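Quick notes on the structure that follows.
The values are calculated or read from the model by the stated rules, or taken from the named source; none is laboratory data. Just so it is clear, the structure is predicted and the values come from calculations on it, not from any experiment. We place every Cβ from the backbone using ideal geometry, glycine too, and count neighbours over all the protein chains shown. What goes into the accessible areas is simple: the full protein's heavy atoms, side chains included, and nothing from ligands, DNA or RNA. Shrake-Rupley method; radii C 1.70, N 1.55, O 1.52, S 1.80 Å.
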Amino acid sequence: MERTDDRPDQASPPLPSLEPIRLVDQRGRRVDDPVHHSPDHAVLLRLLRGMVVGRRFDRQAGALARQGRLAVYPSSFGQEACQVGGVLAMRADDWLFPTYRDSVALVTRGVDPVGVLTLLRGDWHSGYDPNRYRCAPQCTPLATNAPHAVGLAHAARRAGSDLAALVMMGDGATSEGDAHEAYNFAAVWNAPVVFLVQNNQWAISVPVRKQSRAPTLAHKAIGYGMRGHHVDGNDAAAVYAVVSRALADARAGRGPAIVEARTYRMDPHTNSDAPQRYRDDAEVERWRARDPVDRLTALLRAEGRLDDAALAGFTQEGEELAADLRERMADEDAPDPDELFAHVLAAPTAQLTEQRAALRDEVRKEAGHG
Amino acid sequence: MAETTMAQALNLALRDALAEDPSVVVYGEDVGPLGGVFRVTDGLTAEFGEDRCFDSPLAEAGIVGTAVGMAMYGLRPVVEMQFDAFGYPAFEQVVSHVAKTRNRTRGRVSLPMVIRVPYGGGIGGVEHHSDSSEAYYAHTPGLRVVTPSTPADAYSMLREAVESPDPVVFLEPKRRYWTKGEVERGTRTEPMDRAVVRRRGSDVTLIAYGPTVATALETAEAAAAEGVGVEVVDLRGLSPFDDATVADSVRGTGRAVVVHEAPVFGGYGAEVAARVTERCFHYLEAPVLRVGGFDIPYPPPRLEEHHLPGVDRILDAIARLQWESRWVSPGARAGAAGEPLPVAEVGA
Ligand SMILES: Cc1ncc(C[n+]2csc(CCOP(=O)(O)OP(=O)(O)O)c2C)c(N)n1
């Protein structure tokens, strides 16, 4: 028989701090945090390398979009500390549930950049093997990937694995019903999931103030009985430290968490957006001074851990990735119309087989007239 | 052999699936100790433990969304939407992810999962407890949508649905939950995407599914008394659709009526009528008619009898199938046997 209680049977989690957790300040100086320790220099260098390479990928993808080689590109310029810090905090067997915004996260995870851009190029809806990289397809319907992560993490835990799942979502997405349901399921099932909310201040044209009256988005966690962490999303060291700790807590059975990383979307929502209609350049410039790459570069230089040669090495790596991407994206191989029918169900139906034959016929006739 | 209700047959199917395959999990609202509001999951938690059959928080999108993740990890979740109309909050997950993940990932990620939905009216339910939501699901590529009409099919089709590599929306005709029939555990009937002929007849084909199959059979009985031979086809699989069996029947009878509870406008019957017309035009002696509910929100319980298609409404439709174009009375099949049709009617 089930039993109910007359009183709450657990304590409230502590409130997240209004001031974001920070380990490195805007000028690249260390900040002490009572709970989180800075990752060591080796990790800091990996973070910097990932951000430099990731940013180069992002710039290249933006250029490809302007040239019409991508249907659209949602840039994460300015959000590299979240993209790279979040992913590097994961274990190889953890699962990532990214959105359209998180191409750099996928590249950091090791997914082939051309596979990452398959969606945005319009060749197919996703271009990599989720099982191989432990990365779900990039999700477009806001927050709907969050319950998938909860289900997968719950299934894994049930099977005795200690993997965890990291969900990426935007500030706007936290208003969606699926976000609420996923937070609640995760907490009730004690599923090993961390929800990394990249609060980049804007949901297309709508500022976060119009999404929520919560003091921080991390505060939302409290109502579900979860931990909420509010972190400086332009401080890669802090994002890495906070997400690592949250993942470790989650996999150890201490519960899921929401991590709000406060950052800024420096670019338009996508290449077809018109931000001058809704925000001031001055605001963008204010955030430019908080650049995550400059900040970590300054710290590592000040501490004598980064010389020109090392930085040039990272830059060179980025250039090579960009050159390879340009070359491979120039390939104009047309996608195969037959494939439209190949994956609808496990086995072809009579109707789909018929329709495939009809389309083949159309294609053949068009080619004949061409 | 023991007579079993459809609800018990479904219960047996879940029981056998849980016993045979450790990757099967059953969850939803009140499906645990209570056994579901219709008792379809009765005793499963006791027998298999909380780990295999459990109550989840009350959130349909969350239930279906978490099932997607579980299926990605290799489980075979069987989730329950408590009632048809309460499945709507999950609709985005169903349409955007359940149906599309295999295609999105080029076949690399399949989602073997079953979404059970008690559907349809006739149980005196207040608002939101009697919808026929099949057309919404059937319109979505990437799903298999099936609905049994007998206890034996309920058992067999649910077993098959759980084993399917594809996501299956399993529509349970709730007013037939208490219908009895013989069920032998482990026995499979026809594959779930195959239509079957429930009754042979030479004059007209009634095409029905789920709750209206029994109504169609009753109608056939009544029509037989008047000398009309009614063939009854039970679709079973709504998507994909068994064109061959349906067309074969209609070519034999030359007349067809589709029967469902849902509003006729934009309903599943429109698809059936169109497919039959496309394939059987030269065999048809009358337009394919649709008999269903009116184009109204589902009525309150004290009025639902006026809404649901019954024997009389179906007989009326049969009577409108241009029998005057035949030399002989219904009951002795004309046309197919080569009897000449009246000239005036041929081109009509
Ligand atoms: C369910 C849903 N509604 C609307 C959209 C259209 N849309 C795409 S991105 C976006 C803004 C999302 O903002 P946020 O969650 O803050 O993420 P960001 O794009 O800033 O990374 C909207 C409204 C969508 N993709 N999904």
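Points to keep in mind about this one:
- Rounded to whole numbers, the Karplus 3J(HN,Hα) couplings from phi for region B:298-304 are 3, x, x, x, 6, 10, 5 Hz, using 6.51 cos²θ - 1.76 cosθ + 1.60 with θ = phi - 60°, and x at Gly and Pro.
- When a 1.4 Å probe is rolled over the protein heavy atoms, the share of accessible surface on region A:41-334 that falls to carbon and sulfur comes to 47 percent.
- Near B:Asp243, once Lys and Arg are set to +1 and Asp and Glu to -1 for all other residues with Cβ below 13 Å from its Cβ, the sum equals -2.
- Of the trypsin sites (Lys or Arg not before Pro) in region A:1-73, those whose Cβ has at most 14 other Cβ within 10 Å and which sit in DSSP loop: A:Arg3, A:Arg27, A:Arg29
- For region A:167-266, the spherically averaged projection of the C-alpha convex hull amounts to 5.8 nm².
- Within the accessible area of region B:28-113 (1.4 Å probe), percent carbon and sulfur: 50 percent
- Per-residue ³J(HN,Hα) for region B:86-91, Karplus 6.51 cos²θ - 1.76 cosθ + 1.60, θ = phi - 60°, Hz, x for Gly and Pro: 8, x, 4, x, 8, 4
- Shielded by partner chains, region A:319-367 residues - at least 50 Å² of accessible area, 1.4 Å probe, vs chain alone: A:His343, A:Val344, A:Leu345, A:Ala346, A:Gln351
- Loop sites in region A:143-226: trypsin sites (Lys or Arg not before Pro), DSSP, at most 12 other Cβ within 10 Å: A:Arg213
- Principal axis extents of the Cα atoms in region B:2-183, from largest to smallest and rounded to whole angstrom, are 45, 35, 29.
- The B-A contact accounts for approximately 3500 Å² of buried accessible area, totalled over both chains at a 1.4 Å probe radius.
- Selected from B:Val276, B:Val258, B:Thr212, residue furthest toward positive end of dipole (chain B; charges at beta carbon): B:Val276
- Cα gyration tensor category, rounded, prolate or oblate, for region A:41-334 with a/c compared to 1.5: rounded
- Cα convex hull of the protein assembly as shown, projected area averaged across orientations, nm²: 37.4 nm²
- Most simply put, region B:2-183 has about 15% antiparallel DSSP beta bridges, counting only bridges with both residues inside it.
- Scalar couplings 3J(HN,Hα) for region B:245-256, obtained by applying the Karplus form with A = 6.51, B = -1.76, C = 1.60 to θ = phi - 60°, are 5, 5, 5, 4, 5, 5, 4, x, 9, x, 9, 8 Hz; x denotes Gly and Pro.
- Sparse-neighbourhood loop sites, chymotrypsin sites (Phe, Trp or Tyr not before Pro) in region B:138-187 - DSSP loop, at most 13 other Cβ within 10 angstrom: B:Trp178
- Those residues of region B:70-100 for which accessible area with every protein chain present is at least 30 Å² below the isolated value (1.4 Å probe): B:Met70, B:Met72, B:Tyr73, B:Leu75, B:Glu92, B:Gln93, B:His97
- By the helix-only formula, in which each DSSP H run with n ≥ 4 contributes -39500 (n - 2.57) and the sum is divided by residues, the protein assembly as shown has a 222 nm mean residue ellipticity of -11500 deg cm²/dmol.
- Label-point gap, in nm, between B:Arg320 and B:Ala270 - each point 7 angstrom along Cα→Cβ: 1.7 nm
- In terms of overall dimensions, region B:196-335 has a Cα radius of gyration and Dmax of 14.2, 45 angstrom.
- Residue-normalised accessible area of the protein assembly as shown, given per residue in Å² at a 1.4 Å probe: 41 Å²
- A simple charge model with +1 on the Cβ of Lys and Arg, -1 on the Cβ of Asp and Glu and nothing else charged puts the dipole of region A:84-231 at about 340 debye relative to its Cα centre.
- Counting only DSSP beta bridges with both residues in chain A, the antiparallel share comes to about 10 percent.
- Nearest-10 value in Å² for the accessible area of B:Thr179, using the 1.4 Å probe: 50 Å²
- Shown for region A:147-176: residues covered by the partner protein chains by 40 Å² or more of accessible area relative to the chain by itself (probe radius 1.4 Å), namely A:Pro147, A:His148, A:Leu152, A:Ala155, A:Arg158.
- Residue range of chain A that is longest and free of GluC sites (Glu not before Pro) which are both DSSP loop and sparsely packed (at most 11 other C-beta within 10 Å): A:3-331
- Cα centroid separation, region B:59-133 to region A:335-367: 27 Å.
- Cut-off under 5 Å, modelled amide H: who pairs with A:Leu96 long-range: A:Cys135, A:Ala136, A:Leu166
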